[in-house]
Amino acid sequence: NGGTEPVIATIVVTPIFEGCDGPVETFTITVNPTAEMNDPADIVVCDAEVTDIVDFTTDNTGGETTYSWINDMPAIGLSVSGSGNLPSFTAINTGTEPIVATIEVTPLFTDDINCDGISETFTITVNPTAQVDQPVDQIICDGETTSITFTTENTGGTTTYSWENDTPSINLSSSGNGNIESLNVSNSGTSPVAATVTVTPTFENGGVTCQGNSQTFTI
């Protein structure tokens, strides 16, 4: 049965005794299809994000399809095995690079008897929280040039930075993105001016962006 539903053949048996026909008897042979499921899409989420339920689906009809699954990376916050649809869970990744779990799902078709099917696999990638190293405070003179390069311990994706400056009078704009390069500072007054800069990291991997905690420093 190469289809998606049970196929029923009716067998008609006629007994013949020395040329005399007897009562006809019938019986059926039902051939269930191989259990089948649609391949789930891969998932990418952020650390501490609550995932959606993953509903497994099949093209099979005429019986009941159930599912069992195993997870090779329970550290992401999902149990090592289960049955039915994949439940919602809070994703975990306290490290510095993405964690990839492979989920293997096996379908079972039931119509009087159980028929196993071919397993499907998909991945759940948990990105780490975005992180930026604490920038060093700077004390410099009016008219000097400085620069600030932001760094991170995160790997396996792209970390970008946005920043805000509460004192634009030092000749740094009130906000921007990326590193601060070739800043020619200004203080035309008679006392030190301290600008507080707040930098916020964003980690991107697999088309999903994850925010992180901000760091502040002064110029």
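Quick rundown of the values:
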read-out: Residues satisfying the stated conditions in the range 1-10, i.e. part of a loop (DSSP other than H, G, I, E, B) and either of a type in the set (A, V, I, L, M) or loosely packed, with under 10 Cβ neighbours inside 10 Å (or both); value: GLY2
read-out: Criterion (touching a helix residue (DSSP H, G or I) at 6+ places or on another chain (Cβ under 6 Å), free of Cβ contacts under 8 Å to residues at least 40 places away in the same chain, surrounded by fewer than 18 Cβ atoms within 10 Å (Cβ to Cβ) and not aromatic (Phe, Trp, Tyr)) met by exactly one of VAL24, VAL80, VAL13; value: VAL80
read-out: Residue in the range 83-91 that is touching a Gly at 6+ places or on another chain (Cβ under 7 Å), buried (at least 16 other Cβ atoms within 10 Å of the Cβ) and not acidic (Asp, Glu) present; value: yes
read-out: Listing of strands (runs of 3 or more DSSP E) fully contained in the range 112-213 that carry 1 or more residues being in contact with a helix residue (DSSP H, G or I) (Cβ under 9 Å, 6 or more places away or on another chain) and of a type outside the set (Ser, Thr, Tyr); value: 120-127, 180-184
read-out: Sole residue being farther than 27 Å from PHE89 by Cα, crowded, with 18+ Cβ neighbours inside 10 Å and touching a residue at least 40 places away in the same chain (Cβ under 8 Å), chosen from ILE170, ILE140, ILE113; value: ILE170
read-out: Hey, ILE124 surrounded by 12 or more Cβ atoms within 10 Å (Cβ to Cβ) and either within 22 Å of the chain's Cα centre (by Cα) or at positive phi (or both) or not; value: yes
read-out: Near pairs, Cβ below 6 angstrom, 6+ apart or cross-chain, from the range 188-207 (farther than 23 Å from ILE148 by Cβ) to any residue that is among the hydroxyl-bearing types (Ser, Thr, Tyr); value: GLY206/THR125
read-out: Residue match in the range 52-70 (condition: closer than 29 Å to ASN1 by Cα and under 14 Å from the mean Cα position of the chain (by Cα)); value: yes
read-out: Leading residue by the ranking (nearest to PRO128 (Cα to Cα)) among those in the range 63-77 that are open to solvent by less than 60 Å² (accessible area, probe 1.4 Å) and in contact with a Phe, Trp or Tyr (Cβ under 9 Å, 6 or more places away or on another chain); value: ILE76
read-out: Residue within the range 153-160 that is closer than 14 Å to SER214 by Cα, surrounded by 13 or more Cβ atoms within 10 Å (Cβ to Cβ), in contact (Cβ under 8 Å) with a residue 24 or more places away in the chain and within 27 Å of the chain's Cα centre (by Cα) present; value: yes
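The values are calculated or read from the model by the stated rules, or taken from the named source; none is laboratory data. Model, not experiment: these values are computed from the prediction. Backbone-built Cβ (ideal geometry, glycine too); neighbour counts: all protein chains shown. Ligands, DNA and RNA are stripped out before the accessible areas are found, and what is left, the full protein with its side chains, is counted by its heavy atoms. Shrake-Rupley method; radii C 1.70, N 1.55, O 1.52, S 1.80 Å.
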